[in-house]
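The structure appears below as C-alpha cells.
The values are calculated or read from the model by the stated rules, or taken from the named source; none is laboratory data. Fair warning: this is a prediction, and the values are worked out from it, not measured in the lab. Neighbour counts run over all protein chains shown; Cβ positions are idealised from the backbone, glycine included.
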Number of protein chains: 2
Amino acid sequence: MTPVSIEISAQDGKARTGVLHTRRGSIETPAFMPVGTAGSVKGMLPEEVAGLGARIILANTYHLHVRPGEELVREMGGIHAFSGWSGPILTDSGGYQVFSLAELRTIDDDGVTFRDHIEGSRRRLTPEASIGIQETLGSDIMMALDDCTGAPGDETLAAQAMQRTKAWLPRNLAARKDQGAALFGIVQGGLFDDLREESLEATRAHPFDGIALGGVSVGEKREEMRRIITTWGPRLPWERPRYLMGIGKPEDLIESIAAGFDIFDCVLPTRHGRTAQLFTSRGMINMRNAVYRDRKGPIDERCACPVCRKFSCAYLRHLYQSKEMLGPRLGTIHNLWFYLELMRGAREAIRRGSFASYRQAFLQRLGEEAGA
Amino acid sequence: MTPVSIEISAQDGKARTGVLHTRRGSIETPAFMPVGTAGSVKGMLPEEVAGLGARIILANTYHLHVRPGEELVREMGGIHAFSGWSGPILTDSGGYQVFSLAELRTIDDDGVTFRDHIEGSRRRLTPEASIGIQETLGSDIMMALDDCTGAPGDETLAAQAMQRTKAWLPRNLAARKDQGAALFGIVQGGLFDDLREESLEATRAHPFDGIALGGVSVGEKREEMRRIITTWGPRLPWERPRYLMGIGKPEDLIESIAAGFDIFDCVLPTRHGRTAQLFTSRGMINMRNAVYRDRKGPIDERCACPVCRKFSCAYLRHLYQSKEMLGPRLGTIHNLWFYLELMRGAREAIRRGSFASYRQAFLQRLGEEAGA
C-alpha cells in the first residue's frame, strides 16, 4: 500500500485522465489545487471551495510554520480540523517561500538559515525540518525540500541547485515518519536538458509517491517555460502522479495537460480575483475598466459560475471601485470556477478522445495557437 | 392601501411583536436590518444574509448617490437587481452621512450643500432631492430628510434642528412619486422632552407610513440615550411601524424592544465583525486577544451560528492575526447571527408573554440589570 496512487483511465495524445487516490478521498485528474496559503483559500469557506469543484487544496508550510506555528495546528487537531477542510491537503516544502519572502537567507549543504518576514526570527529549514513540519501539520501529500536558488538560465547556478536538490532527496524520504502521508520528489535543472535529465533520473530512482516538475515559471521566457513543460511532462514516470508546480495561466494549464501532467496549483485565480483581474473564455479582463461601468451582462457569457449566474459587470465594478470586500470574494469565486471548469472540460475531452479539439477551441477563443 | 402596514399579533409589557408587510414581502418584528452601505452587506452574499435570518436590509443613500450614482443603479434595474437582494430595502435619507462624512457642508432652510468625501464634488441635498434619489434607487421604505446637526445636549441647536426637520416634513411627503414605496418621518429634539413632544406631534400629524426616532446615540451619555428610548418608544403611534435608528449594542436593543420599537439597524455587528470584536452571550470579546491562541471551543458555547458550529477560536484568531479575509467574513457572520438571534428570541418571548424573563436572563448573562 502506498499513501497515494494514480489510476489512469484514459489517454489522449500525451494527455491523461484518471483518479488520484489519497487517504482523504479520491480526486479526478487533471486536477487544480486552489492555494490556501495560511490555512484558508483567501476569503472562502471550505464548503464553498468544495462547491466550486475543488477536491484538494494546497497549504504553504512556510506561512503556517511562521504563523500560527505547526505545533499549534497539531494541538488543534491538525490542519484539516483547524481549517475545516476535510479533503486532501498538499503542503509544499517551505523552500520556495524561504527563497522568495524570507530575509538574510544563507544556504549550505545541510539546509537554509533565514529570518522570517513576519517576526524576523532566525529559523532553519532542512529536509528533516521541512518533513517534520509538514507531518506535524497533518499533510496528506508532502513535498521534498529542494534548492530553488538557481536562476533558470544560469547553468552554474542551476547545476548547483540541482545537485543540492539531488543530495537532499534521500534525506527527505528518511525523515518521513507518517507512512500514510505521500511524499513527492521535485525535478530541478533550470532550462538545461542535461541537468533536468540527471535530476529526473535521480528522483525517479527513489520511492517517491509522485514526481513534481519545479523551477518553472520563475523568471524564464514563456517559450522556454513551455519547452520545459512540453519536454519533461511526458518523461515523468507514467505510473506515478505528475505535479506541475505553480503553473499558471489558463493557456499554460491547457498546454501542461497536453504534456501529461495530472495536478496543478497556482495563486493566479485567487490573487487576480482580489485585484479585479478576471479570467474569461476570451482572455483576462480588468473589471475596474470604465467599459464595465454600465455593463448589464455577466463577466463571461460562457460561464455558469455562481457569480456570472447572478451579478452584472456593473455591480462587480462598483464593488471593486468602492473597495467592498464582496468584490475580491466574487472575483475569487469566478476565477476559481474558471480554473476548475477548465479541468472538468479537459478530463471530459480526454475521456472522449477529443482533447485536441478542446485544446484548440480553448486556445482559439483566447486568440492563441496550440503548441506542438 | 398603504405601502407598508404593521400587524401586531402580541404585546408583552410595552414590547410588541407582529408582521411588517411591504411590497417585497413580510417581516416578523422586532426585526434587525443589516447595513448594506454601498449595495452590499460587507463581504456577504445576499443569500447568506438571508440565510442568517435577515429579511430586510438597509442601504445608504449618500454612499450610493456618490458612487455609483442612483442613475446607474436605475439603469441596472434598481438596487434589488443590482445588488441581488430581492427582499425589502430601507434607505436612509442621506442626511446623516452628509453631516458625518461630507466636507464643507452648509445648511440652510431649503437644504444642505456639501462636497462628497470621495470626489469632492459640490452637491446639494434637499427633501425633494433625497426622495428623488431614494425613488431612483428603488427603495421600499424611504426616510424623510431631517436636520441632524443638533448636538443632543444643546437646547438651542437641538431646537433649531428640530424646527427645520419639522418644516421639511411636508416637503418630503410632497416629493414622493412612487406610491408603492413607504416613507417614514423622523422625530428629532435631542435630549429635550418638549422638543421631542413637538417633533412627535408634527410628525404623527402627517401621513407617514412609519415613525422613526432619530438623533439617538449621537454622543449623549448612555443613561440619556436610554431615557430617550424608554420615554419615546411607547409614545410613537401604535398603529404605525416604529423604527429606532442606528441603535446599538445588544443590551440597548433589548431595552429598545422593551420600549416597543419594531425595527432596528446598526453597523456594529458588521463593523465589529471585521475588526475581531465579537458578540457573545457574556459580552463582547476581542478575538485577537492572546487568550484565544489555543482555544479549541467556539466563539460562544451558546451560539448555533455557522461559524460557532464549525470553527475554533484558535482558527479565528489566526485568521485575524494573519489578516486573512476569511476572518472579517466569519466575524460578520457570527455577529449578524447574534443580532438576528436576539430578535428571534425576543419575538418568541413576546408571543409567549415571557419577554420580561427573556430580557432579564439576557442582561444577567451580560452582567447588566434591566431598566425600569
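Among the residues of the range A:89-103, is there at least one that is more than 21 Å from A:E197 (Cβ to Cβ), over 22 Å from the mean Cα position of the chain (by Cα) and surrounded by fewer than 17 Cβ atoms within 10 Å (Cβ to Cβ)? Reasoning before the result, please.
The initial filter retains those residues of the range A:89-103 that are more than 21 Å from A:E197 (Cβ to Cβ), namely A:89-103.
If we keep only those that are over 22 Å from the mean Cα position of the chain (by Cα) as well, we get A:103.
After this cut, where a residue has to be surrounded by fewer than 17 Cβ atoms within 10 Å (Cβ to Cβ) as well, the list is A:103.
Yes: one or more hits.
Take the conditions (1) touching a helix residue (DSSP H, G or I) at 6+ places or on another chain (Cβ under 9 Å); (2) closer than 29 Å to A:A151 by Cα; A:L45 misses just one of them, which is (2). Here B:C148 meets each of (1) farther than 22 Å from B:F32 by Cα; (2) under 17 Å from the mean Cα position of the chain (by Cα); (3) assigned to a helix (DSSP H, G or I) with one exception, condition (3). Of all the residues in the range A:234-254, those that are farther than 14 Å from A:M343 by Cα and either of a type in the set (S, T, N, Q) or assigned to a loop (DSSP other than H, G, I, E, B) (or both) number 10.
Restricting the search to the range B:221-258, which residues are of a type in the set (D, E, K, R) and under 25 Å from B:N335 (Cα atoms)?
Result: B:K221, B:R222, B:E223, B:R226, B:R242, B:K249, B:E251, B:D252, B:E255.
The single condition among (1) in contact with a strand residue (DSSP E or B) (Cβ under 6 Å, 6 or more places away or on another chain); (2) under 23 Å from B:D92 (Cα atoms); (3) among the aliphatic types (A, V, I, L, M) that B:A38 does not meet is (1). The residues of the range A:52-72 that are within 12 Å of chain B (Cβ to nearest Cβ) and out of contact with any Ser or Thr (no Cβ under 7 Å at 6 or more places or on another chain), listed by number, are A:L64, A:V66, A:P68, A:G69, A:L72. The number of residues in the range A:194-233 that are among the polar types (S, T, N, Q) and either outside the structural domain of A:R23 (by TED's automatic domain parsing) or assigned to a loop (DSSP other than H, G, I, E, B) (or both) comes to 1. Out of B:A167, B:A161, B:A181, B:A129, one residue alone is touching a helix residue (DSSP H, G or I) at 6+ places or on another chain (Cβ under 8 Å) and either in the same structural domain as B:G219 (by TED's automatic domain parsing) or on the phi > 0 side of the Ramachandran plot (or both). It is B:A181.
A quick yes/no check of all residues on (1) touching a residue at least 40 places away in the same chain (Cβ under 8 Å); (2) within 30 Å of B:T37 (Cβ to Cβ); (3) assigned by TED's automatic domain parsing to the domain that holds A:R16:
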residue	(1), (2), (3)
A:A290	no, yes, no
A:R309	no, yes, no
A:Y320	yes, yes, no
A:I333	yes, yes, no
A:Y339	yes, no, no
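Against the criterion of being in contact with a Leu (Cβ under 7 Å, 6 or more places away or on another chain) and of a type outside the set (F, W, Y), A:G246 does not qualify. In summary, B:L45 fulfils each of the numbered conditions (1) within 28 Å of B:R235 (Cα to Cα); (2) modelled with pLDDT of 95 or more with the single exception of condition (1).
If you go through the range B:18-49 and pick out every residue that is farther than 23 Å from B:K249 by Cα, surrounded by 21 or more Cβ atoms within 10 Å (Cβ to Cβ), among the small types (G, A, S) and away from chain A (no Cβ under 14 Å), you end up with 0. Considering the range A:73-96, and only residues there that are in contact with a helix residue (DSSP H, G or I) (Cβ under 7 Å, 6 or more places away or on another chain) and within 10 Å of chain B (Cβ to nearest Cβ), the residue that is farthest from B:N289 (Cα to Cα) turns out to be A:G84. Is one or more of the residues making up the range A:165-176 assigned to a helix (DSSP H, G or I) and touching a Gly at 6+ places or on another chain (Cβ under 7 Å)? Within the range A:165-176 (the criterion being assigned to a helix (DSSP H, G or I) and touching a Gly at 6+ places or on another chain (Cβ under 7 Å)), the answer is yes, since at least one residue qualifies.
Being in a helix (DSSP H, G or I) and of a type in the set (V, I, T) is the requirement here; does A:I257 meet it? Spell out how you get there, then give the answer.
Numbers: in a helix (DSSP H, G or I): yes; of a type in the set (V, I, T): yes.
So A:I257 fits the description; yes.
On the basis of being under 30 Å from A:S312 (Cα atoms), in contact with a Lys or Arg (Cβ under 8 Å, 6 or more places away or on another chain) and in the same structural domain as B:P237 (by TED's automatic domain parsing), does B:M44 make the cut? It is true that B:M44 is under 30 Å from A:S312 (Cα atoms), in contact with a Lys or Arg (Cβ under 8 Å, 6 or more places away or on another chain) and in the same structural domain as B:P237 (by TED's automatic domain parsing). Just one residue in the set B:A54, B:A15 is touching a residue at least 12 places away in the same chain (Cβ under 8 Å), over 22 Å from B:R274 (Cα atoms), in the same structural domain as B:P234 (by TED's automatic domain parsing) and buried (at least 24 other Cβ atoms within 10 Å of the Cβ); that residue is B:A15. Those helices (runs of 4 or more DSSP H) of the range B:272-372 in which 1 or more residues are more than 14 Å from every other protein chain (Cβ to nearest Cβ), over 24 Å from B:V41 (Cβ atoms) and modelled with pLDDT of 95 or more occupy B:326-352, B:355-365. Got at least one residue in the range B:231-249 being over 24 Å from B:I141 (Cα atoms), modelled with pLDDT of 95 or more and out of contact with any strand residue (DSSP E or B) (no Cβ under 6 Å at 6 or more places or on another chain)? Yes.
When the range A:212-246 is filtered for residues that are aliphatic (A, V, I, L, M) and either farther than 23 Å from A:L157 by Cα or surrounded by fewer than 20 Cβ atoms within 10 Å (Cβ to Cβ) (or both), the ones remaining, listed by number, are A:V218, A:L236. Of all residues in the range B:68-111, those that are over 23 Å from B:I211 (Cα atoms) and β-branched (V, I, T) total 4.
In the range A:229-250, the qualifying residues are those that are under 17 Å from the mean Cα position of the chain (by Cα) and free of Cβ contacts under 8 Å to residues at least 40 places away in the same chain, and the one that is nearest to A:F192 (Cα to Cα) is A:I229.
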